Amino acid sequence: MARAVSTDPLHNFRFHVRTETEQGQFSGDEGEAGFQSVTLPEVSVESVEYREGTYTYTRKYPGVPTVTDITLMRGVTKTDTSFWTWLMAAVEGGEYRTNLTIYHWHRDGKTHGSLADLNAARKYNCYECMPMRVKPAADLDATSSEVALAEMDVALEYFEIEDST
């Protein structure tokens, strides 16, 4: 039992997203929302070459890290316009930056109740997030039987990973 909790891979489908403030508030209880898909941020560091004096070869050092945007996708409902509202707050100069937390659970983890009570296997704390692109619904196609999905790209300054211990 203890081995399974600590070494089994995490399943992709067990996650949830929460905002810390009312900026970027998702519809739902206390800024909590379920999503069909969330892309996690990536960090990349380019190498910087440096050559001193008469050295023949250059030394490589890590450069400035860059963080990619994340994309949130979820089903469209009649009354939920939270993606659009958040983007319009950014466009119109209102308060729009917020922190997002992405919770990722192990298959044996508790997944019901308030998020404050949950012990996620891993949390991704994304800081200074702001909306960059919103697609409020899927393209309309009378021959399709798919569920309409809203999409949002969110830029962030940096993120941290918290593992449960």
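At a Förster distance of 41 Å, what's the computed FRET efficiency of E128 paired with K78, Cβ-Cβ distance as r, to 0.05? The partial results should precede the final answer.
Values: r = 32 Å, r/R0 = 0.77.
The value I calculate is 0.85.
Find the Cα radius of gyration of region 48-100, compare it with 2.2 N^0.38 Å by division, and give the number to two decimals.
Working: Rg = 22.1 Å, N = 53, 2.2 N^0.38 = 9.9 Å.
So the Cα radius of gyration is 2.23 times the expected 2.2 N^0.38 Å.
Every number in this text was worked out from the coordinates using simple rules, so none of it is lab data. All figures in this text were calculated on a predicted structure; none of them were measured in a lab. Every residue, glycine as well, gets a Cβ built from its backbone with ideal geometry; the counts of neighbours run over all protein chains shown.
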